[in-house]
Each structure stands twice: as C-alpha cells, then as structure tokens.
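To keep things clear, I will list the structure first and then write my remarks on it.
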Number of protein chains: 2
Amino acid sequence: MADSERTLAERLLAGDKRALARAISLVENDDPEGWALVSEVYPRTGRAAVLGFTGPPGAGKSTLLAALTKLERARENTVAVLSVDPSSPFTHGALLGDRIRLSDHFLDPGVFIRSMANRGALGGLSEAALQAALLMDASGRDVILLETVGVGQAEVDVIDHADTVVLVLMPGSGDSIQALKAGVMEIPDVIVVNKAEHPLTDTMVREIKAVLALGPRGGWQVPIVRTEAVRGHGIEELSEKLADHRAYIHAEGTLSERRRRNLMNEVLAIATFRMRRELEASLRDDAAVQELLDRVVTREIDPASAATTILERSAVDS
Amino acid sequence: MADSERTLAERLLAGDKRALARAISLVENDDPEGWALVSEVYPRTGRAAVLGFTGPPGAGKSTLLAALTKLERARENTVAVLSVDPSSPFTHGALLGDRIRLSDHFLDPGVFIRSMANRGALGGLSEAALQAALLMDASGRDVILLETVGVGQAEVDVIDHADTVVLVLMPGSGDSIQALKAGVMEIPDVIVVNKAEHPLTDTMVREIKAVLALGPRGGWQVPIVRTEAVRGHGIEELSEKLADHRAYIHAEGTLSERRRRNLMNEVLAIATFRMRRELEASLRDDAAVQELLDRVVTREIDPASAATTILERSAVDS
C-alpha cells in the first residue's frame, strides 16, 4: 500500500518518523485534527519508558541525553527526545548550542528529536508536551526522554508526565542545592552530577548526601551518579540506576499509581487551560468586561469582586 | 470611640496592626468576610510603594529586608513585609532562620511582618498574597516589601504585584545567572549582589553585566548594587536605586501601565483559580467523573477528550 493511501494514524502507529513529526505539529498548533489523532491512538500508549530530565541551564542535560540516546541505540532500543525550551523575551538562542549535540542522531531512523517552545500560555505548553509524548509512545518508541530547564511551573508540569525524574546538576549548582535543601524543589528519583571532572565534584556530592539525609527513611534511596557526558563517562551507571528505579516502582506498584495521578492532573490541567483561554478571550473582546476592568484600575471594584462578576456572567451565557 | 465599636475596616484604615493581622487571616482562610473587607477598603489602595524581592534561597533576602526596614523607619516611613514561603513536603523550617532576622522590628508599631505559606493551591497563594498586600496598602503603610524565593510560578505571580522587582543574588548563584542568561528568568529592575564581602563578588558582577549587555538598549538601565546586609553596607545605595526606578516609571507613565497589566492578570488569576477549584471538587465527588477518569487510566479515553466531556457536563449543569 502506498504511503498516501494510509492514514496519518496508521503511519504513526507503524513508527514512521515523518508521520510522528506531522502529528506533533498538529498538536502544537492546536489543530483539532491533532487532538482527534491523539484520541485515536491513545489505546496504543503506555508501553514506553518515560524519563524526565530537569536541572539548571548549563548543567549539560542535552549532552547527557545525547550520550544516553547512543547507549539505548547500541541496545537496539528506539528513542524519542522532547526538549521543552522556555521562551525568552530577552535573548534567544542561548539553548540552541545544546541542541546541536544531538545532531549525531538526526539521520538515525531509530531516533526522533523534537523541541517545543513555550509560547506564553503555560498550561498550553505542558498540555502540548504531554500530547507529543503520547504520540511518541504510540509510534512505538521504547524510550522517551523529556528535557526541561525546570525553573517555571510549566516545566515542572512537563516533568510530572515522566515515570522517573532525573535532576541534573553540575559542580557550582548552588542555587539548586539550596532549593532542594529548603524544600522548594521536590526530591527527584535520581540525581546526576555532570561535569564530574570538576575539582568541586566531591564537595557537591557531599552536599547532596547531606540534603538527602534530611529526607524520609525507607522506600527508594535516591542514587547520585557522577557523569562526564561529553566523554560518555558514567552513562552506563546512570542507565543501570534508571532501570533499577523502573524495576522498583514496578515491583511496588507505584508506576501505575504515579501514572494514574499524572493522568488525573493532566485532565485537570487541560480543562483549566481551556477555561482560562475562554476567559481570556472574553476579557479581550467583551466590552462590558473591559469596562469592569477599567473600574478595577480606577480602584472602584477590587479584583476578586470583578472576577466574581465575570464568572457569573459566563455562567449565565453558557 | 472604643475599639469594639469600630468595624474591622475602620480600624484597618486607621492603621491598627491587630486589625491588619486579623484581616489577612480572614483572607488567608478564604473567609467571605475577608473578601468583603478587601472590597470595602479597595478604593483606599494604590498609595504604597510595592517592592518585590526574589532570588535563590540563601541569598540573604530576609536580612536585606530587615536592613531596608531599619532605613525606612529612620526616615519615618511605615513598612509592611510579606514573606511568601513555599511549602515543603520534604523538610520544613529551613527558611525559618531568616525570619528571625526581622525580629528586631516585631515590637515597632510602624512595622508589620507577615509570612504566608504555600498550601498547595498555587493560584490560591498568589491570590491571597495580593489581597494581603492590598490590605497592607489600605492600612496606610508607606512601603510594602514582598519577598519570595522565586522558584515556582506561584512565587513569580506574587512578585508580579510589585511596582519594582529586585533580584537578590550572592556570589555563587550560578544557576540564577544561567537562568537570566538563557532568558528563563525575566530581567528584574534592580539586581543586588548580597554577601559582597565574598572574594568572588567582582566575578559575579562582571557576569551579570555581560548578561545585561545582551539585552535591549535604551530605557531603564538595570543597576547592580553590592550589599552586605548583615553589616548594613550598601543599603543606602539600594534605597536610592529603588527611588530612581520609582521616579523613572512614574515619569515614563509605566507605573500605571504596569499596575493596569498586573490588575488584569490578577482578575484572570482569581477567576481561573476559582474555576479550577470547582472543577477539582467535581473530579473528587462526582461518580460519573470518577468513572471517566478510570477510563483514562485504562487507556480507553485520552485526557483531552475526558477534559472536553467534563467541561461540557459542567456547562450543562450551570
């Protein structure tokens, strides 16, 4: 059968890279065809191992993903990489250099690489990222690597789709250690200290151990893996720890629990995002709402009362 | 007139500290009386200078706020401090030490200090924080200092209520510099390098200048102020820069523009939060919704289709 005679869903399910790219673009552009496609292939998802990588910019996440991709390919596993880039009103392209490190794999049909940019709508990005991950899963990829810089809530939401969360640090990631210590950042499943050739690596590993020692006893013990992603050092060990975590959550039944919780949150996030989008449209276009907002600015009506009035209006309208 | 005969609003507007504390508790507990109170006193807001401080944990924000408070009191200005603490499922109390530095001011009637904790509901915390800031404003405080650790979206939302945003760093805040450089973190109005006695201060100032040089020319030039908050060094200079920024946005008309944008966003945030809360309740309590979610978990219905169904149901209900 010629390609043109097969539906996009059929080609996607057969593992066609171009079909996958096209499907993700549909979802990213909020095209109804994209949503219909996800809905159609959804029963074929849930098989891939979804690994999330977060950490400060500059820690070398993309280099690490390139090294892990190489290892998985050597084991004949197919890989999809989804990098979520925050938008910048200030400077663009700073993260682009990282992408280039994945270019070794661009021609390998077993590797699919995609970047997604934050287009301002926070709920929207995370929403689109999950849909993209589901499409990657349906297309038969064995391993899905999600990458974010883990600063804003949108990035945290993206990482929440993963079965295993990896925090990538480098010697000098002082703010991240402080954030872990203060409980501002959640404890991940695996911690990587990349650029481990740095003389301050031992100090950093000690600091991380001290933070982890404050946490609860029992359950999964968070491993700290030293890597030099540029040289490929420590990647085998990281891969082992990832497999250990997977085996652990599988044995404990927490994999299905985690996925259940993530899916619930996702339904809630999508519904909230859509409600917010409708509300934003009414704030922009509705003359009565505009007048109400003007009165908030002139301090006649407080924001909460204005919100109540707007919600009552929209409830009457629907 | 005895205190008991005056309404809470009257006492609040007269600058009574206990009335302010009580009013904020009402808002924090989502008590309808609190919302009514904000609505009543809202016309008396908009006079205070609202300054927002963000930065990684450990940079010394609270010590800096204590030093600034001392300076403002010496100038006979009244001060309110609102610290937004992120919750931690992992470890509590790490930030408590910082609060103690403000204790010099606990007995001064011209200083009001309040902490707010993230109770899980993101929109809720930022919402409550704005209401608290409005109450502080209505109670006649000249200066309102908002403090957050600036990691999650909730903290960013809180800082958005400020007229002037100050990023507090210390030598070694490598992750924050990287985040600024990558455009992940927005450029603030003023940058403070605290703990400036550290030998790496010059290096850090150079790095910040290099990042700022990438930004747009013209307009407000972000000053970098070196402070040693523990010794009170650099606080006068910081205060001058804050006044400069205030004069600048006032002259350019951007103060009212900024406040207009912030108030719009606030109305939207409050409305979205309330919608989300209603939705969460229906997800928990509605048997039909529970069944729908089960079918998402068993991969029969995809999350987006489930969200659509839930939104259609709630539109019919209302």
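The values are calculated or read from the model by the stated rules, or taken from the named source; none is laboratory data. Here the structure is a predicted model, which means the values were calculated and not measured. With ideal geometry, Cβ positions are generated from the backbone for all residues, glycine too; neighbour counts draw on all protein chains shown.
For the reader, a short list of remarks on this structure follows.
- Within region B:19-57, the set of residues being buried (at least 22 other Cβ atoms within 10 Å of the Cβ), farther than 18 Å from B:R259 by Cβ and not hydroxyl-bearing (S, T, Y) comprises B:A19, B:L20, B:A23, B:I24, B:V27, B:G34, B:L37, B:F53, B:G55, B:P56, B:P57.
- Looking across A:L242, A:L279, A:L255, A:L238, one residue alone is within 26 Å of A:V27 (Cβ to Cβ) and assigned by TED's automatic domain parsing to the domain that holds A:T201. It is A:L255.
- Qualifying helices (runs of 4 or more DSSP H) (wholly inside region A:230-318; at least 3 residues being at the interface with chain B (Cβ under 10 Å from one of its Cβ atoms) and within 22 Å of B:S305 (Cβ to Cβ)): A:254-285
- Residue check for B:N77: among the polar types (S, T, N, Q), over 17 Å from the mean Cα position of the chain (by Cα) and within 17 Å of B:R141 (Cα to Cα): yes
- Scanning region A:164-184 for any residue that is more than 30 Å from A:V267 (Cα to Cα), in a strand (DSSP E or B), within 12 Å of chain B (Cβ to nearest Cβ) and of a type in the set (A, V, I, L, M) turns up at least one such residue.
- Residue that is farthest from B:T7 (Cα to Cα) [pool: residues in region B:130-149 that are surrounded by 24 or more Cβ atoms within 10 Å (Cβ to Cβ) and away from chain A (no Cβ under 13 Å)]: B:E147
- Only one of A:A132, A:A154 that is modelled with pLDDT of 90 or more and either outside any loop (DSSP other than H, G, I, E, B) or outside the structural domain of A:G52 (by TED's automatic domain parsing) (or both): A:A132
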